[in-house]
Amino acid sequence: MWVRREGEQVELVSLAPARDAHPEEVLLPCDSEPLIQLGKISLGSSRAGLYAVSLTDDGSDHRLVLCQRGWEGAVRISGAVSSIAEPLYGKTRAAMLAAGREQRAAGNQDEAAQWSAMARQLLMAKRASRRGRSVRTVSGGLPTLGKHS
């Protein structure tokens, strides 16, 4: 992502290059609720916008993390989400699986199972969204012979 700062404050976060903005890595959250929301956004099943916020309140850490609307200090990310949908989906699912592995290694089998279930639900939602692009969808519900999208 591209970030423009004014002093310590983030002024702009963009998915595309912007004037006076520099490329920066934006981290994924480690909480289940925002990860589920990011998964929905990546699949196009949510029209919620993407937001980013500084990792620490005191500004000592200049890294940004994706967050939900309404978080204090959140800046809306400009640009078309479709341009990053596939990598966002992949990274979100990988984060869910990694959290499950960490919980399993710590001996928390119930939490590990919850993270794994969330990752599986995201995978199933992606498969379902692909099925939505069928010939019937393309043809407006009218049967067509020999045509595929």
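The values are calculated or read from the model by the stated rules, or taken from the named source; none is laboratory data. Treat the numbers as computed from the prediction; the structure is a model and nothing was measured. Note that we place each Cβ from the backbone using ideal geometry, even for glycine, and neighbour counts take in every protein chain shown. Note: accessible area is taken over every heavy atom of the protein model, side chains too, but ligands, DNA and RNA are not part of it. Shrake-Rupley method; radii C 1.70, N 1.55, O 1.52, S 1.80 Å.
Selection within region 70-83: residues that are of a type in the set (A, V, I, L, M, F, W, C) and in contact with a Ser or Thr (Cβ under 8 Å, 6 or more places away or on another chain). The member of this set that is most open to solvent (accessible area, probe 1.4 Å) is Val81. When residues in region 29-55 are screened for being in contact with a Ser or Thr (Cβ under 8 Å, 6 or more places away or on another chain) and within 17 Å of Ser83 (Cα to Cα), 7 of them pass.
Figure legend. Inter-residue proximity from region 1-20: first residues among the aromatic types (Phe, Trp, Tyr), second residues in a loop (DSSP other than H, G, I, E, B), beta-carbon distance below 6 Å, spacing 6+ or different chains. Indicated pairs: Trp2/Pro17; Trp2/Ala18; Trp2/Ala21. With the checklist (1) free of Cβ contacts under 8 Å to residues at least 12 places away in the same chain; (2) surrounded by 12 or more Cβ atoms within 10 Å (Cβ to Cβ) in hand, flag the one item Cys67 doesn't pass. Every condition holds for Cys67 apart from (1). Within region 43-57, is even one residue among the polar types (S, T, N, Q) and exposed (fewer than 12 other Cβ atoms within 10 Å of the Cβ)? Yes.
Residues in region 9-39 that are assigned to a loop (DSSP other than H, G, I, E, B) and under 16 Å from Asp61 (Cβ atoms): Glu24, Glu25, Leu28, Pro29, Cys30.
Within region 88-109, the set of residues being open to solvent by 70 Å² or more (accessible area, probe 1.4 Å) and of a type outside the set (Gly, Ala, Ser) comprises Lys91, Arg101, Glu102, Arg104, Gln109.
Condition first: among the acidic types (Asp, Glu) and closer than 18 Å to Leu28 by Cα. Now tell me which residues in region 81-120 satisfy that.
Passing the criteria: Glu86, Glu102.
Of all residues assigned to region 49-69, at least one qualifies as being in a loop (DSSP other than H, G, I, E, B) and among the basic types (Lys, Arg).
For region 25-42, which positions are touching a residue at least 60 places away in the same chain (Cβ under 8 Å) and open to solvent by 20 Å² or more (accessible area, probe 1.4 Å)?
Leu28, Cys30, Ser32, Ile36, Lys40
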